[in-house]
Amino acid sequence: MKNTLSTKASSINRALDEIGDKWCLLIIQEVLWGINTFTEMLSATGASRGVLSDRLNWLQSVDCLRKNQTNPKRPTYHMTKKSIELYHNGLMAMNWERKYFSTPELDSVELIHNGCGKVFWPVMQCACCNQRVHCEDIVFIPGPGAGKDQRVTKTRRRSSSIQSDGLGRTLYRNLINLLGDRWTANLVALAFHGLKRFDDFHKELPVATNILSDRLKLLVNEGIFCQQPYKSSPLRYEYHLTDKGHDLFPYFVTLLSWGNKWCQTGKGEPMLVKHSPCGANLKAEVRCDQCGDNLIATQVEFNL
Ligand SMILES: [Zn+2]
Ligand SMILES: [Zn+2]
C-alpha cells in the first residue's frame, strides 16, 4: 500500500508513531510541568501556531491530551490517564540528559521525593529481583502478538533543532532533538536488538536508503553509534552502540512498557522481555535511589 511501511510489530514503534514526534514530546513535557494554555505552549516550545495546533489535535485524537473548555476563550490542555504514564519516560530522558550534557538549568535541578523527603536520582530496577536494568541482561522473545505492523510513512521532515531561546525548562532538549525523529529512534531501538549492519537495519526498517544513511550518520556524529569496519574491500562498517547509546536503554524500556499497555491491537504483546539475572518477564520500575519506592508523578517535586 502506498505510504505505508510494514515492519515487525513492536510496542516501541507504536509508541513512537503516537508520541515520538519532536513537538509531541515537547508538548507532553510542558503539560507535565503545568503549562496548559496555547499561548504558554507557543512560547515554551518555540513551535509555530500551525505546528502547535496540529500536534495538539493529534495528541487529543490519540487520547494523550484532554481539552478543558470551561472558559471557551482560554481552553486549557491536560494530561490523560494514558499520557500521565509517560512520566517514567520523562524521568529516564532527564537522567540521560543530565549524564551527558551540562547546562546551568540542568545542573541545578533537584528532584525531591515526597515519600522519603530526600533529593534523589531515579533508577530503573527489575520489580522481581531489584537489580538495575541493563540492556545486556535482557532477552527479547517473540510474544503472542508477534507479526507485522502496517505503519503510515507520511512523515514530517526531520525539522531543525529546537532552540534554547524560551526553552529554559526543557530539561531534555538534546534527547528530544535526537530521538524526536521516529526513524532515528527506530534505529536505536533496533541496535538494542543486536542489529549492526546497514542491510540488517534496512531489512527491518525499509525506508529509502538515503534516509537510513542520513540517520546513521547523525547517530555516529552524536556519539550514539560508533563505526567499526567488518570488511576491507569494499570497506564496510558496522554500527555499534557506544556507552552513551547504551544509556538510552531505560528510556526505550519505558516506551516499550507504555506501548504494551496503551498501544495494543488486541493480539497481546508483540515481544516478551526476559530479565536474565532472575528469569522473570521484565517489569521495570523507576524508583527513588534513596528509598527504593516506585516513583509516581504526584510524589515528586522539582527544584529548578
Ligand atoms: Zn530481574
Ligand atoms: Zn525516596
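The values are calculated or read from the model by the stated rules, or taken from the named source; none is laboratory data. Note that the coordinates shown come from a computational prediction; the quantities given were computed from them, not determined experimentally. Methodologically, a virtual Cβ is constructed for each residue, glycine included, from the backbone with ideal geometry; neighbour enumeration extends over all protein chains shown.
Could you list all residues from segment 89-120 that are among the basic types (K, R) and within 16 Å of ligand 2 (Cβ to nearest atom)?
K118
For segment 102-147, which residues satisfy the criterion of being assigned to a helix (DSSP H, G or I), away from ligand 1 (no atom under 16 Å from the Cβ) and surrounded by 13 or more Cβ atoms within 10 Å (Cβ to Cβ)?
Scanning segment 102-147 gives E105, L106.
For V207, indicate whether it is over 19 Å from the mean Cα position of the chain (by Cα), of a type in the set (V, I, T) and either surrounded by 15 or more Cβ atoms within 10 Å (Cβ to Cβ) or at pLDDT 95 or above (or both).
Here the answer is yes, as V207 does meet what is asked.
Every residue, every condition in (1) within 16 Å of ligand 1 (Cβ to nearest atom); (2) farther than 23 Å from R132 by Cβ; (3) in a loop (DSSP other than H, G, I, E, B), yes or no:
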position	(1), (2), (3)
V220	no, yes, no
G223	no, no, yes
C226	no, yes, no
P229	no, yes, no
P234	no, yes, yes
V253	yes, no, no
P277	yes, no, yes
G292	yes, no, yes
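Give the number of residues within segment 259-275 that are within 16 Å of ligand 1 (Cβ to nearest atom) and part of a loop (DSSP other than H, G, I, E, B).
Within segment 259-275, the first condition is being within 16 Å of ligand 1 (Cβ to nearest atom), and the residues that meet it are 272-275.
Filter once more, keeping what is part of a loop (DSSP other than H, G, I, E, B): none.
Selection size over segment 259-275: 0.
With the structure loaded, tell me whether Q60 is loosely packed, with under 15 Cβ neighbours inside 10 Å, among the polar types (S, T, N, Q), closer than 30 Å to A284 by Cβ and within 16 Å of ligand 1 (Cβ to nearest atom) or whether it fails that test.
no
For segment 66-100, which residues satisfy the criterion of being in a loop (DSSP other than H, G, I, E, B) and either crowded, with 17+ Cβ neighbours inside 10 Å or in contact (Cβ under 8 Å) with a residue 12 or more places away in the chain (or both)?
Hits for segment 66-100 are R74, P75, T80, E85, L86.
Are there any pairs with C-beta distances below 6 angstrom linking a residue in segment 184-196 that is under 15 Å from T242 (Cβ atoms) to a residue that is at pLDDT below 95 and surrounded by 22 or more Cβ atoms within 10 Å (Cβ to Cβ), with the two at least 6 apart or on different chains, and if so which?
That search, which allows pairs on different chains as well, returns nothing.
What residue, among those in segment 259-304 that are among the basic types (K, R) and closer than 17 Å to L86 by Cα, is surrounded by the most Cβ atoms within 10 Å (Cβ to Cβ)?
The extreme case among them is R287.
For segment 13-42, name all the residues that are modelled with pLDDT of 90 or more and small (G, A, S).
A15, G20
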